[in-house]
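Asker: Quick one: the structure is below, questions incoming.
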Amino acid sequence: MRMITPTLVIAVSALWAASAHATPGNSGDEMDRLLLDKGLLTQIDQVRQNVSHKASELVVNAMGFLGVPYKRGGNSAETGFDCSGFVRSIYQQSVGLLLPRKAEQQAAATESIDKKDLQPGDLVFFNTLKRAFSHVGIYVGDGKFIHSPKPGAQVRVESMGVSYWQTRFNGARRVTTTDTPAPTQAAVLAPLAAAPSSPAVSAFANDNNSLR
């Protein structure tokens, strides 16, 4: 079965952004027509049926939020996102896991991997505030990542090859989705079903992760 390529993922994101500034809530029928016109819908459906469908779905879902403005402490498209709020929301919606709220906590709760082993859906971390793991994004493939960068900016895709990101790269992490997380992760990485039933997102500490 044919796997989705990083180039295809990025092409899909561009189509979504061009069609409606990539804000969630657009008509599904309209989006389906757009993808059918470009011959991509069948390939995406095939991807969602293979063993890697969760990672592919996560990346495609993340692309649907291109253009959402940055907001410190933001956790949704309605309020805007900061970097870790964006990552947390995408994983919550796509994979059903509740990640920690702050970027450095997300780094501590996930598995360290080599940069050369990055796959779509993995997390990439950067030192943007003169401290480790102060910024986080989601790797989409082809050396690029999607993130909510800073005040006044919007969710966007950028190349990790740009000098700014190369010099600040802190490491790559993978979110494990096993039923029994490692003991060091159990307190901060839990299935969504185990999360409190009351809305408590705002109770988490805001992430001071604007870029400098």
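Asker: Is it true that some residue in segment 87-104 is in contact (Cβ under 8 Å) with a residue 40 or more places away in the chain and out of contact with any helix residue (DSSP H, G or I) (no Cβ under 9 Å at 6 or more places or on another chain)?
Answerer: No, segment 87-104 has no match at all.
Asker: Does Ala182 qualify as being at pLDDT below 95 and either open to solvent by less than 70 Å² (accessible area, probe 1.4 Å) or within 19 Å of Asp82 (Cβ to Cβ) (or both)?
Answerer: Yes; evaluated as a whole, the condition is true for this residue.
Asker: Another question, then. Within segment 145-173, restricting attention to residues that are of a type in the set (D, E, K, R) and open to solvent by 60 Å² or more (accessible area, probe 1.4 Å), which residue is farthest from the chain's Cα centre (by Cα)?
Answerer: Arg168
Asker: When residues of segment 49-64 are filtered for being at pLDDT below 60 and of a type in the set (A, V, I, L, M, F, W, C), how many remain?
Answerer: Total satisfying the criteria: 1.
Asker: Give segment 96-143 a look and list any residue that's in contact with an Asp or Glu (Cβ under 7 Å, 6 or more places away or on another chain), assigned to a strand (DSSP E or B) and surrounded by 23 or more Cβ atoms within 10 Å (Cβ to Cβ), or say none.
Answerer: Tyr139
Asker: Tally the residues that are assigned to a helix (DSSP H, G or I) and touching a residue at least 12 places away in the same chain (Cβ under 8 Å), restricting the search to segment 53-86.
Answerer: Number of matching residues: 14.
Asker: Pairs only if they're at least six apart or on different chains, beta carbon under 9 angstrom, first in segment 153-169 and more than 16 Å from Asn127 (Cα to Cα), second of a type in the set (S, T, N, Q); list them, first residue then second.
Answerer: From segment 153-169, the pairs are Gln154/Ser148; Val155/Ser148; Arg156/Ser148; Val157/Ser13.
Asker: Within segment 58-95, how many residues are within 19 Å of Phe126 (Cα to Cα) and open to solvent by 20 Å² or more (accessible area, probe 1.4 Å)?
Answerer: So the count comes out to 3.
The values are calculated or read from the model by the stated rules, or taken from the named source; none is laboratory data. Every value quoted in this text rests on a predicted model; they were computed, and no experiment measured them. Cβ coordinates were reconstructed from backbone atoms using ideal geometry, including for glycine residues, and neighbour counts include every protein chain displayed. Surface accessibility is based on the protein's heavy atoms, side chains included, excluding ligands, DNA and RNA. Shrake-Rupley method; radii C 1.70, N 1.55, O 1.52, S 1.80 Å.
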